[in-house]
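The values are calculated or read from the model by the stated rules, or taken from the named source; none is laboratory data. Every value quoted in this text rests on a predicted model; they were computed, and no experiment measured them. When we count neighbours, we look across all protein chains shown, and the Cβ atoms used for this are built from the backbone with ideal geometry, even at glycine. Areas reflect the complete protein model, heavy atoms only, side chains present, ligands, DNA and RNA absent. Shrake-Rupley method; radii C 1.70, N 1.55, O 1.52, S 1.80 Å.
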Amino acid sequence: QVQLVESGGGLVQAGGSLRLSCAASGRTFSVYAMGWFRQAPGKEREFVAAFSYSGGNTAYADSVKGRFTISRDNAKNAVFLQMNSLKPEDTAVYYCAADISAVVFPPGGYDYWGQGTQVTVSS
């Protein structure tokens with residue numbers, strides 16, 4: 001089992017920045033990749049960014065590329081999402097996810113999910 005807890009969300013004005021954190025516990029040694037997703041009210045959950053522990057590969061959605069950066073700590077127990085130049089359309093609940101079964105990157109699916117953290121960007 002892998003437990004994920006997101007933090008760092010909040011209210012920020014357009015153009016501002018936030019740094020989201022995802023703390024992982026449990027069988028973290030089995031994690032192949034971690035990712036960030038978001039879901040706005042009335043919308044489907046969408047991919048934001050992912051990080052592979054093998055090779056340090058990253059992947060980003062086109063909507064956040066150049067503004068968001070995903071990273072991990074050296075202990076493989078946390079991932080971060082640095083969000084800069086935030087836009088109102090970035091408003092959503094952001095979820096951290098972990099994959100333990102994928103053999104390709106980015107994973108097509110994830111095995112564990114956090115509870116989410118709210119990010120609200122005002123004009």
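Return a yes/no flag: does the stretch 82-104 have any residue that is surrounded by 18 or more Cβ atoms within 10 Å (Cβ to Cβ), under 18 Å from S25 (Cα atoms) and in contact with a Lys or Arg (Cβ under 9 Å, 6 or more places away or on another chain). Yes, the stretch 82-104 contains at least one residue that is surrounded by 18 or more Cβ atoms within 10 Å (Cβ to Cβ), under 18 Å from S25 (Cα atoms) and in contact with a Lys or Arg (Cβ under 9 Å, 6 or more places away or on another chain). Taking Q115 as the residue in question, decide whether it is modelled with pLDDT of 95 or more and more than 11 Å from the chain's Cα centre (by Cα). So Q115 passes the test.
Table: residues versus (1) in contact with a Phe, Trp or Tyr (Cβ under 7 Å, 6 or more places away or on another chain); (2) in contact (Cβ under 8 Å) with a residue 60 or more places away in the chain.
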| position | (1), (2) |
| --- | --- |
| F51 | no, no |
| G55 | no, no |
| V64 | no, no |
| F68 | yes, no |
| A78 | no, no |
| D90 | no, no |
| G108 | no, no |
| Q118 | no, yes |
| S123 | no, yes |
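For the stretch 1-30, what are the residues that are of a type in the set (D, E, K, R) and open to solvent by 50 Å² or more (accessible area, probe 1.4 Å)?
Result: R19, R27.
Residues in the stretch 3-40 that are touching a Pro at 6+ places or on another chain (Cβ under 9 Å) and within 9 Å of A98 (Cβ to Cβ): Y32, A33, G35. When the stretch 31-64 is limited to residues that are among the hydroxyl-bearing types (S, T, Y) and under 17 Å from L18 (Cβ atoms), the one that is surrounded by the most Cβ atoms within 10 Å (Cβ to Cβ) turns out to be Y60. Note on the stretch 45-101: residues that are assigned to a loop (DSSP other than H, G, I, E, B) and either of a type in the set (V, I, T) or modelled with pLDDT under 95 (or both) total 14.
A single entry from D62, D73 fulfils the requirement of being under 17 Å from V5 (Cβ atoms) and over 10 Å from the mean Cα position of the chain (by Cα): D73. A residue that is within 17 Å of S122 (Cα to Cα) and touching a helix residue (DSSP H, G or I) at 6+ places or on another chain (Cβ under 9 Å) can be found somewhere in the stretch 81-88.
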